[in-house]
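Structure, as structure tokens:
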Amino acid sequence: MTIPDLSDTIAAISTPLGQGGIGIVRLSGEKALDIADRIFKPGRGEQLPSTLPTHTVHYGRVVDGDEVVDEALLTPMHAPRSYTREDVVEISCHGGMVALRRVLELALAHGARLAEPGEFTKRAFLNGRLDLAQAEAVADIIAAKTEASQRAAEAQLRGDLSREVNDIREQLADLLTYVEASIDFVEEDIELLTRDELRRRCDAVTEHVQRLIETADAGQVLREGITATIVGRPNVGKSSLMNALLRTDRVIVTPVPGTTRDVVEDTLNIKGIPMRVADTAGLRASADVVEAEGVMRTRQQMAAADIVIAVLDGSEPLTDDDRDLLASLPSGRSLIVVNKIDLPQLLRKEELSKAPREVQVVETSATERTGLDDLEETIVELALGGAVLRTDGVMVTNVRHRDALVRAERSMGRAIAAMDDELSEEFIASDLRGALDAVGEIVGETLTEDIIDRIFATFCLGK
Ligand SMILES: Nc1nc2c(ncn2[C@@H]2O[C@H](COP(=O)(O)OP(=O)(O)OP(=O)(O)O)[C@@H](O)[C@H]2O)c(=O)[nH]1
Ligand SMILES: [Mg+2]
């Protein structure tokens, strides 16, 4: 990997765009302190920002020549004790867009370059403060939608995943050394590690890799969340159920069938899993033009969602529209909700066999708020598909990491097969190296620059 030019000093607004009490302009690089000297006058005394002690906060004014741009607080953080390991200056000014832009423009006018998205974190990575898995965790923390996903990202930032990955890399590197040594010493007929011992240790590494892969299904659900669509014929209580899950009156509910005409989406937290849920227009065959369009959108939603929640009205016998819906439920990712169980029940349960066999049935009353816990549990079960959400231990949440582990596992499989077939050491060594490279991608040891650039490009500006 070629190291990109780190000599530029970068600057960006690091707080969200919009109005806020305060906003922060951040600078990082060799000229950060020098630029601060030119645009910031500390409140008392004639001291220049570059002479102030590191990690201290100073009141003063941002100035453009003689003109005062804003009152602000300045925090210098000298290299290497900073986020990027470079000299960093943070200027906290008033959080209006005009003030922030002017401070940023001043920094740019005095020699800084506008930072690219994720460039501060990229520098932290390139300067060895974080490895790639940890750097990715920074973006995950910012994007986390539930406490559980935030906790998983925080553990990754702390280095929990990196430690396990580095442990695997060390073991692989050891094995590779033995195998390569036995290639070099083949004439002397020295066997540094017996084939049995080598085989045993390869199995152990493979198992470790597999243990991590096993956490990835749940991990991905936790990081990326799932999407669910609530469908059913008009008036069965879809919107009421959506509101009950959200614990708000987000969607309009009326006794008139056909109330919801478009797809209404919101995000909720289901036992720690972020879920994007969509309430849809009731499905029925005969409908006006507007409703027909709604029905079409409902079908699109159904096709795209991870989970389809089909709602039936327990207080009425099944209708033809219900039967059509049950027959069209995608198997493996649907569940049936029999709603309105607070009313006398006229729905005959035997008829639910119209649905694919494995579809689970949950009974609720959206208005009385009963059965919701059961519903949430069933949704989580379906989302995880047998995978377990761990509250302790390392979890692989990132598809990129999972993909690297799967490739490592395959390489290990080939290495073990080569041993079993008593092939020469060269074959075993090449597969072990393949596994080592694959695992190294997770922490960023073995990746090309453009892939690394692509990873950081998904970060937000100013991070
Ligand atoms: N008794 C009872 N009434 C319910 C329940 N859930 C919903 N309702 C009522 O059923 C009617 C329709 O509810 P909605 O939530 O608007 O139904 P919907 O499926 O979204 O209907 P459309 O948007 O028209 O497709 C309203 O009058 C609700 O108060 C329930 O569990 N029990
Ligand atoms: Mg509705």
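The values are calculated or read from the model by the stated rules, or taken from the named source; none is laboratory data. Please read these numbers as outputs of a predicted model, since none were measured by experiment. Note: ideal-geometry Cβ built from the backbone for every residue, glycine included; neighbour counts use all protein chains shown. Note: areas computed on protein heavy atoms with side chains; ligands, DNA, RNA excluded. Shrake-Rupley method; radii C 1.70, N 1.55, O 1.52, S 1.80 Å.
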Please arrange Tyr178, Tyr59 by accessible surface area, largest first, computed with a 1.4 Å probe and ligands excluded. Tyr59, Tyr178
Simple SL model, points at 7 angstrom along Cα→Cβ for Ala204 and Leu423; separation in nm is 2.4 nm
If ligands, DNA and RNA are left out, what is the accessible area of Lys271 with a 1.4 Å probe, given in Å² to the nearest 10? 90 Å²
Heavy-atom accessible area per residue of region 10-131, all protein chains kept, 1.4 Å probe, expressed in Å², is 46 Å²
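Please compute the net charge surrounding Leu447, taking Lys and Arg as +1 and Asp and Glu as -1 over other residues with Cβ under 15 Å from its Cβ.
Working: positive: Lys122, Arg169, Arg400, Arg407, Arg454; negative: Asp131, Glu136, Asp403, Asp437, Glu441, Glu445, Glu449, Asp450, Asp453.
Net of charged neighbours comes to -4.
What is the calculated FRET efficiency for Asp167 to Ala327, with r their C-beta to C-beta distance and R₀ = 45 Å, to the nearest 0.05?
It comes to 0.30.
All other residues with a Cβ under 15 Å from the Cβ of Asp249 taken together, and with Lys, Arg as +1 and Asp, Glu as -1, what is their net charge? Walk me through the intermediate numbers first.
Details: positive: Lys238, Arg247, Arg250, Arg369; negative: Asp266, Asp279.
Net charge around Asp249: +2.
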If contacts are Cα pairs under 8 angstrom and at least 6 residues apart, what is the relative contact order of the chain in percent? 17 percent
Solvent-accessible area per residue for region 338-463 at a 1.4 Å probe radius, Å²? 52 Å²
Over the chain, with every protein chain in place, what whole percent of the accessible area is carbon and sulfur at 1.4 Å, could you tell me? 50 percent
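Please compute, over every Cα-Cα pair in the chain, the percentage with a separation greater than 30 angstrom. Don't skip to the answer; put the middle values down first.
Numbers: 65842 of 106953 pairs.
Considering the chain, 62 percent of its Cα-Cα pairs are separated by more than 30 Å.
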Qualifying lysines (Cα of each under 26 Å from Cα of Lys340; at least 8 residues distant if same chain): Lys238, Lys271, Lys349, Lys354
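On a 1.4 Å probe surface of the protein chains, which of Asp140, Asp196, Asp174 comes out largest in accessible area, and what is the full order? Intermediate results must be reported in sequence, preceding the final value.
Working: Asp140 20, Asp196 125, Asp174 75 Å².
Of Asp140, Asp196, Asp174, the descending order of accessible area is Asp196, Asp174, Asp140.
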